[in-house]
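Q: My questions all concern the structure below.
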Amino acid sequence: MLRRIGLGLPAALLLGVLALHNSPARAQPAPIADGIVGTWILVSVSSQQADGTRGEPFGPNPKGVVMFSSDGHFSLFQSRAELPRLAANDRTRATPEEALVVVRDSIAYYGTYAVDEANRSTSISLVGSSYANLLGGPAQRRIITLLTATELHFTNPRTPSGMTLQTVWQRAPARQ
């Protein structure tokens, strides 16, 4: 025999409020300004040229780190998985071939950043770079396409060479 269980009006209202409160449609993403702070390890970088050609500018297993401080500073380094060791063991005496590979296969820069929560983006202003041509220009925009406690994805919509970059980062584990 089945019994019908009835809920009183207060209990029904409470269940309705809880259902709305926990609804995914109501969920708001965490503020970028808070979530981005910390150290992130590079997972991948993919590129797309204006003609649609796709690539991996730092190869299939790139290395890198980006750090965002709570006071608006950042630092980034990216490279291929392996950069050549210099034969002279002195960076000031690299051969032209060694120097070409290092310059082509790595980049580092640092500066300040500001967050635009409404457009889910950051604006970065460079202070220093291993590629000096990036300096002195307008702030660069990075569009945050995913931000969780452990993952950060952003797009650089236009590099100086005209490509779009999609970069995936994983939060660095705390040191023990």
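Q: Have a look at Ser106, Ser123, Ser129 and point out the one that is within 19 Å of Gly35 (Cβ to Cβ), surrounded by 13 or more Cβ atoms within 10 Å (Cβ to Cβ), in contact (Cβ under 8 Å) with a residue 12 or more places away in the chain and not aliphatic (A, V, I, L, M).
A: Ser123
Q: For Ile144, state whether it is touching a Lys or Arg at 6+ places or on another chain (Cβ under 6 Å), over 22 Å from Pro60 (Cβ atoms), hydrophobic (A, V, I, L, M, F, W, C) and assigned to a strand (DSSP E or B).
A: Yes: the conditions hold for Ile144.
Q: Only one of these is without any contact (Cβ under 8 Å) to a residue 60 or more places away in the chain, surrounded by 11 or more Cβ atoms within 10 Å (Cβ to Cβ) and in a loop (DSSP other than H, G, I, E, B): Leu83, Leu100. Name it.
A: When all the criteria are applied, what remains is Leu83.
Q: Filter the stretch 48-76 down to the residues that are within 16 Å of His153 (Cα to Cα), modelled with pLDDT of 95 or more and touching a Lys or Arg at 6+ places or on another chain (Cβ under 8 Å) and list them by number.
A: Pro62, Lys63
Q: Give the stretch 27-75 a look and list any residue that's part of a loop (DSSP other than H, G, I, E, B) and crowded, with 17+ Cβ neighbours inside 10 Å, or say none.
A: Ile36, Pro57, Phe58, Pro62
Q: Among the residues of the stretch 33-52, write down those that are touching a residue at least 60 places away in the same chain (Cβ under 8 Å), of a type outside the set (Val, Ile, Thr) and within 27 Å of Asp71 (Cα to Cα).
A: Ala33, Gly35, Gly38, Trp40, Leu42, Ser44
Q: Does Thr92 satisfy the criteria of being β-branched (Val, Ile, Thr), surrounded by 15 or more Cβ atoms within 10 Å (Cβ to Cβ) and not in a loop (DSSP other than H, G, I, E, B)?
A: no
The values are calculated or read from the model by the stated rules, or taken from the named source; none is laboratory data. In this text the structure is predicted, and so the values were computed from the model without any measurement. Positions of Cβ are backbone-derived with ideal geometry, glycine not excepted, and every protein chain shown enters the neighbour counts.
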